[in-house]
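What follows is a single structure, written as structure tokens, with notes after it.
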Amino acid sequence: MKKVFILFTLIVLLSVTTTMLFANGQKESGSEKSSVTFWLADYEGIDHDYVKEIEAAFEAENPQYDLELLVVDWNALNDKLTTSLAAGTPPDASIIGTRWILEYMDLDAIVPPKDYVSKATFDNIAPGAMEAVIDGTLWGIPFAAGSRFLAYNASLTDKVPATMEELEQDAITATKGGNYGLIMPGAKHSELSDFAYYFYSAGGDFFDANGKSSVNSPAGVKALEFMVKLANEDKVVQDGFMSQNRKQSQPIFMGGKAAYVMIGAWADTEYNKMNADWEIKYAQIPPFAGSKPAPLIITDSIALFKDGDNLEGIGKFIDFLYQDKWKAPLDKQMGFPPVTITAAQRPEFQTPMYAAMAEANLEAKGWPLVTNWPEISSIVWDANQKAFLGQLSSKEALDEAAAAIDELMGN
Amino acid sequence: MDLSNNNKRRITNSFIILLTVALLILMLFPFFVMLVSMLKSSKEIYHIPPYWLPKKPTLINFSLVWNTIPLANYFKGSLIIAFGTVVLNTMISVPAGYAVARLHFPGKKFILFAFLITQMFSPVVVVISLFKIVIKVHLIDTYLSVIIANAVFTTPFVIWMLNGYFSGIPKGIEDAARIDGCNRVGALLRVILPIAAPGLVTTIIYTFIYGWNDFIFSLTFLQTGEKYPLTMGLYQFVGRFAVQWEQLLAGAFLAILPVLILFFLVEKQLVSGLAGGAVKE
Amino acid sequence: MGDTLLNPRFRKLKGEVGLAYALLAPAVLLMVIFMVYPILYVFIISLFKTNKLAKIQSFDGFRVYGELLSSKDTWVVIGRSLLWTFLGVAVKTLFGIIVASTLNVKYTGRKISRLLFIIPWASSIPISVMLWQWVLHNEFGLLNHTLKTIGFSNPPVWLGEAHTAFASCMWVDIWLGIPFMALVFLAAMQAVPQTLYEAAEIDGATRVQKFRYVTLPGIAAILMVATLLSSLWTFNDFNTVYILTKGGPAGATNILITYVYLNSFQWLKWQKAATLSIFTFIILSTVSIFYARLFFKREEI
């Protein structure tokens, strides 16, 4: 019994000392180096060793700065930023979803980057990517921009639908071979993307000119009725779609079991991972007959925080990062087409998928830039699910949603 | 008579074993899935209908995990946080647990209840205020901040649990030790703790696992990538658009191993050793 | 005579009180520094209008309390949370006792099975929940594949319909809690003196009687503590629902804590989130006081 006690005490002592050692082990940066902090979202495919390389190269070139380039999981980035902003200690800059800009402006938490980032850097950014312009001022530097498109399995279908109605027929045809016609996630996830694909393709807009919710406009009802029909009547959608979000449903397409899917820049990476024995091809998300094409585009930006303590330094770093030498490999890893003009011309970005995205960019439409978007998207998701489950008709569900959104926005 | 007793025992024992196996299947089915999935290639894992066992078992996911994330570094972070939580927690909870279980003092019920209140608020709602305190006391970006937060959230449980275990010990045993010349602390260390050892082991394992699996405090308080624990590392396989299932599960498998090893060691050393010693007396 | 008896006892008590406070001091100190302010802050912001970073703007009184209490949704979610907690804790406790009892019997291989039962607990909760999401997947998951293999041609889409989604979330939460319960009960069972069992055996008690009259009273204190704490944790288990269904389909699995998270970090409505936390606090306090009554009554006997 004594032996056991000695062992126990030893373990305790050992762990106390290690704890002490490591707990306060952070070195004081004694020199005059000023620290710069940047939070990079963990996009799929980012090579963490490469991020370290960027960090080291920047510090070697600018010895006056101590750069902390922190990679944060995308799903947790929002929470971490909120906490640090609430405590007044945000990083100098961070990647954000462009739609968050509105919330941050509302809170007076960000500054326009033009005073800190050089004109040469801005001049090299494609004008089409500049989504975060509000009242003539750019509030976020475009970091990644990608339109959504249609991918299809060339060994299950060879039809490229020109309208949604054709897509429906092509999906029905493809279903006859024992596969699924179309992948459609029906479980809630953080993006409202699927409803938006159909809604925008029907010419819809989330808000009308007076700022009132128009999610229940004829376009909205048409889109949702169409989705419900695909799932419940045509039955071209994968089994159990209500239980699958985007991450769980798209692998069914990648596994070669579905003809069509509406997807984004990660398609190539996921397809290549599969070593598939079928060919993936790309086309545009079609409009409804009589409407104009309007694929969804999602952009991410870099925001500079007012409470950051080294905005000069972060400006220098952004200039450094946006050189083709560093940014283009990062774009390639993430799978997104470059937002910079010179990098976009590089040969590695001339693939069929990037061509489809470039074409989509011409007509693309982003999320509405409004506050409270996360809650709005949750409301619309619930309406979609109620319609899918048959609890309400599409019209009723969207009317309810529109009323809830108007109440939320104080209309 | 003896024979029938033996038979009876054999029958009940086989019943127990059958029941155990059934329960184990129920509890471990997901881990069976984890084991087979982490040995599949990306192509196999998305095959419909799924394969029971990998067609061509591969260890490539482990090398992918190794290449994608600094695994050794994350292990270090997790170990420091988990051990730190155990140590800090044990140091403050054992005395407190003893006090509420064996001593009479005014305000006991209030204190026990007050500890409980902290468990009624999920970390989700208090994390912002905690973050502000951590900045005030200059502990931001230290392991210590994460350790303290985890210890604070585990202390109420440990105190209540030890209260339960300690008060189950007959008063006579402690009195006997004190008559033999032990003071209270001596009696606590030499008599009470050994008898409550199985309970203490449970609380230690609980705090270790709590610290080992911490996510929210590490995410909030740590600001440099080198300090990240394993849980944060694993999240890199849960992307924004796709989950790298085979790699996530390989990584999760590696993360479970140390806990099992620890449990195995602690179990052997403490439960049998201490409890056995106490029974012999 | 009363005096002479009382005096030493009183002195002893006084020393005891000092010792008790000294032993409690470190734990209490840490709690005061790190928990009192955050919890008070929750109370405060429930009474004030806040901006999106939880900064106080202006006094608002109990307006949001009234607003939430008069909304049918709140009551539905509270009712569901109570059902969730009650069923969850009951089933966890039942399974915990069964598992602990099987582990408390001596047979070869008991150590291995004890180790195996720990595995679900050793894995981090979000990862375990994700693992279940993978298991429950209607195409890739091995659960439905198994069901199909053994003859259920049309197994349910677990997370796709209201009732099965709620049941699935419940089961995952229960599954997460069983190992803990089992281990805690096992430790308590091992502390029951062997002599009591021997005495019962001499009296000719059956296995069931031994369990009823020796084991159960022996673990009663721990049983109460464990079920109490488990109620608090089950009520506040945010990961299971949030990862599996995000409260869907169509809100069928929303419980109070997921609602709190949505209102805080997702929708930045801190006042509402704080008020819902206070509701949680009131509900859980009521449960705890009820428990504490039982607990202390037991102790005083």
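The values are calculated or read from the model by the stated rules, or taken from the named source; none is laboratory data. Just so it is clear, the structure is predicted and the values come from calculations on it, not from any experiment. A quick note on method: Cβ atoms are made from the backbone with ideal geometry, for glycine too, and the neighbour counts reach across all protein chains shown. All accessible areas refer to the heavy atoms of the entire protein, side chains included, with ligands and DNA or RNA removed. Shrake-Rupley method; radii C 1.70, N 1.55, O 1.52, S 1.80 Å.
Quick notes on this one:
- Neighbourhood net charge (15 Å Cβ-Cβ; Lys/Arg +1, Asp/Glu -1) for A:Leu85: -2
- Degrees, to the nearest 10: A:311-321 long Cα axis against longest axis of chain A: 60
- Heavy atoms of A:Glu348 accessible to a 1.4 Å probe, total area in Å² rounded to 10: 60
- Within straight-line cross-link reach of C:Lys297, lysines at Cα separation under 16 Å, skipping those fewer than 8 residues along the same chain: B:Lys108, B:Lys109
- Mean Cα-pair separation over length for region C:71-300, i.e. relative contact order, pairs under 8 Å, 6 or more apart, %: 26
- Inter-probe distance in nm under a simple model that places probes 7 Å from Cα toward Cβ, at A:Asp123 and A:Glu400: 5.6
- Computed E for A:Gln391/C:Thr108 - FRET, C-beta separation, R0 51 angstrom, nearest 0.05: 0.40
- Computed label-point distance, nm, for sites A:Ala289 and C:Tyr21 using a 7 Å Cα→Cβ extension: 8.6
- Residue order for A:Lys273, A:Lys119 - accessible surface, 1.4 angstrom probe, largest first: A:Lys119, A:Lys273
- Which of C:Ala20, C:Asn236, C:Trp171, positive extreme of dipole for chain C (C-beta unit charges): C:Ala20
- Ordered by solvent-accessible area of protein heavy atoms (1.4 Å probe), largest first, the residues A:His189, B:His138 come out as B:His138, A:His189.
- Gyration tensor (alpha-carbon) shape descriptor, region C:71-300, a/c threshold 1.5: oblate
- Region C:149-301, accessible surface, carbon-and-sulfur percent (1.4 angstrom probe): 64
- Shielding by other protein chains, C:44-56, mean Cβ within 10 Å: 3
- Percent RCO, i.e. relative contact order, over region B:69-280, from Cα pairs under 8 Å lying at least 6 residues apart: 35
- Helical segments meeting 15 Å axial Cα length and Kyte-Doolittle -0.5 threshold in chain C (DSSP H): C:2-31, C:72-103, C:110-122, C:125-136, C:162-191, C:216-235, C:270-300
- Hypothetical label at B:His104: residues of region B:157-194 whose amide nitrogen lies under 15 Å (7 Å Cα-Cβ projection): B:171
- The lysines within cross-link reach of A:Lys188, meaning a Cα-to-Cα straight distance under 16 Å and a gap of 8 or more places when in the same chain, are A:Lys247, A:Lys386, C:Lys246.
- Dipole magnitude of region C:71-300 about its Cα centre (Cβ charges: Lys, Arg +1; Asp, Glu -1), debye to nearest 20: 60
- Magnitude of the charge dipole, chain A, Cβ model with Lys/Arg +1 and Asp/Glu -1, debye to 20: 920
- Sorting A:88-100, C:209-221, C:34-46 by average packing, meaning the other beta carbons within 10 Å per residue, from highest down gives A:88-100, C:34-46, C:209-221.
- Looking at the protein assembly as shown alone, DSSP beta bridges between its own residues are antiparallel in about 65 percent of cases.
- Computed FRET value (nearest 0.05) for A:Lys306 with C:Thr149, which takes r as the C-beta separation and R₀ as 60 Å: 0.50
- Options A:Ser34, A:Gln244, B:Phe110, ranked by Cα towards positive dipole end of the protein assembly as shown, top entry (Cβ charges): B:Phe110
- Orientation-averaged projected area, Cα convex hull of region B:69-280 (nm²): 14.1
- Shielding by partners, peptide C:184-194 (average Cβ within 10 angstrom, other chains): 6
- Per residue, the accessible area of region C:188-300 comes to 39 Å², computed with a 1.4 Å probe over protein heavy atoms only.
- Partners for B:Lys56 among aspartates and glutamates (Cα-Cα distance below 16 Å; same-chain residues under 8 apart left out): B:Glu44, B:Glu246
- B:Ile111 accessible area, 1.4 Å probe, all protein chains in place, Å² to nearest 10: 30
- Axis angle, to the nearest 10 degrees, between helix A:394-408 and the longest C-alpha principal axis of chain A: 40 degrees.
- Solvent exposure, largest accessible area first (probe 1.4 Å, DNA, RNA and ligands not counted), of A:Asp108, A:Asp208, A:Asp309, A:Asp300: A:Asp309, A:Asp108, A:Asp208, A:Asp300
- Summed side-chain charge close to C:Trp175 - residues other than C:Trp175 whose Cβ falls under 13 Å, Lys, Arg +1, Asp, Glu -1: -1
- Area accessible to solvent at A:Lys229, 1.4 Å probe radius, in Å²: 80
- Each label was represented as a point 7 Å from its Cα along the Cα-to-Cβ direction; for B:Leu28 and B:Asn73 these points are 3.5 nm apart.
- Take the accessible area of B alone and of C alone, subtract that of the pair with a 1.4 Å probe, and the total buried over both chains is about 9200 Å².
- Of the beta bridges in chain A, as assigned by DSSP with both residues counted there, near 60 percent are antiparallel.
- Across chain A, C-alpha contacts under 8 Å between residues 6 or more apart give a mean separation that, scaled by the residue count, equals a relative contact order of 25 percent.
- Charge dipole magnitude, Cβ of K and R +1, D and E -1 - the protein assembly as shown, Cα centre, debye nearest 20: 4440
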